[in-house]
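The values are calculated or read from the model by the stated rules, or taken from the named source; none is laboratory data. Everything numeric in this text was worked out from a predicted model, so none of it was measured. So basically every Cβ, Gly included, is an ideal-geometry build from the backbone, and we count neighbours across all protein chains shown. Heads up: the accessible areas ignore ligands, DNA and RNA and are worked out on the full protein's heavy atoms, side chains in. Shrake-Rupley method; radii C 1.70, N 1.55, O 1.52, S 1.80 Å.
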Amino acid sequence: AEARKFIAYTVSQEGQQLLYDPKISRLPILPPEQMGGKAPQGYPNAFEIAKRAKVQFNSDLSETRYNVVSSLFDQAITFRLKELQAATKAIHEAEAALAKKPNPKAAALLKDARAAAFTPVVDAAKVADKEFLAVFAASKKDAAVNKRVTALEDHWNSSARANYERARTLA
């Protein structure tokens with residue numbers, strides 16, 4: 001009951017107005033029209049910003065892909081950060097050298113290096129596959145599910161490592 005009261009207060013106009021306090025400085029979830037004109041002068045309007053955004057966030061799509069993206073991020077970025085940084089550094093150095101001395105063959109190698117380093121190891125078709133997504137939504141306590149997820153993660157990890165090394169070599 002207390003938790004319900006807390007949530008009700010948090011999303012109420014009064015609770016949302018607390019977010020305007022400079023010590024908190026967060027954006028309310030209520031539209032400005034529902035905030036009773038209490039927004040400080042010049043305070044950003046998240047709803048207007050969202051309307052101008054070039055990318056429209058799809059919360060339903062985000063929810064279906066959350067577990068896959070989280071796992072993929074860990075395997076390709078968190079656990080491979082040093083390799084990614086080395087590949088990125090090599091690409092930036094090659095770009096700088098190429099800017100000083102243009103070379104079509106080197107430019108083609110650099111393009112391949114960028115593709116190797118920055119192309120996700122899972123493509124858009126795969127993350128649209130409902131069966132694939134279902135594996136990551138299933139209980140990891142199920143041995144078969146856990147085995148399949150672990151195999152996919154191992155593949156992503158080794159693919160990311162190989163891609164970053166290829167990118168560094170090409171650059």
Report task. Taking residue 133 as meeting all but one of (1) modelled with pLDDT under 95; (2) assigned to a helix (DSSP H, G or I); (3) over 19 Å from residue 75 (Cβ atoms), write down the number of the exception. Result -> (3)
Report summary line: Residues of the range 70-89 being of a type in the set (D, E, K, R), assigned to a helix (DSSP H, G or I) and either open to solvent by 80 Å² or more (accessible area, probe 1.4 Å) or within 12 Å of residue 117 (Cα to Cα) (or both), in sequence order, are 82, 83, 89
Requested in this report: Working only within the range 94-114, note down all residues that are in contact (Cβ under 8 Å) with a residue 24 or more places away in the chain and open to solvent by less than 60 Å² (accessible area, probe 1.4 Å).
Outcome: 94, 110, 113
Query raised in the report: So residue 159 clears everything in (1) assigned to a helix (DSSP H, G or I); (2) open to solvent by less than 60 Å² (accessible area, probe 1.4 Å); (3) touching a helix residue (DSSP H, G or I) at 6+ places or on another chain (Cβ under 6 Å) except one condition, right? Which one?
Result: (3)
Query raised in the report: Tell me, which residue of the range 136-153 that is in contact with a helix residue (DSSP H, G or I) (Cβ under 8 Å, 6 or more places away or on another chain) and part of a helix (DSSP H, G or I) is nearest to residue 87 (Cα to Cα)?
Result: 153
Query raised in the report: Do we find a residue being under 23 Å from the mean Cα position of the chain (by Cα) and more than 30 Å from residue 58 (Cα to Cα) anywhere in the range 73-82?
Result: yes
Query raised in the report: So which of 7, 29, 24 is open to solvent by 50 Å² or more (accessible area, probe 1.4 Å), outside any loop (DSSP other than H, G, I, E, B) and hydrophobic (A, V, I, L, M, F, W, C)?
Result: 7
Query raised in the report: Among the residues of the range 59-69, how many are surrounded by 12 or more Cβ atoms within 10 Å (Cβ to Cβ) and free of Cβ contacts under 8 Å to residues at least 60 places away in the same chain?
Result: 2
Query raised in the report: Can you pull out the residues in the range 114-140 that are among the β-branched types (Val, Ile, Thr) and under 14 Å from residue 70 (Cα atoms)?
Result: 121, 122, 127, 135
Query raised in the report: What are the residue pairs meeting all of these: first residue in the range 34-58, first residue among the aromatic types (Phe, Trp, Tyr), second residue assigned to a loop (DSSP other than H, G, I, E, B), Cβ atoms under 6 Å, and 6 or more apart or on different chains?
Result: 47/31
Query - Options 48, 63; residue that is among the acidic types (Asp, Glu) and closer than 30 Å to residue 126 by Cβ - result: 63
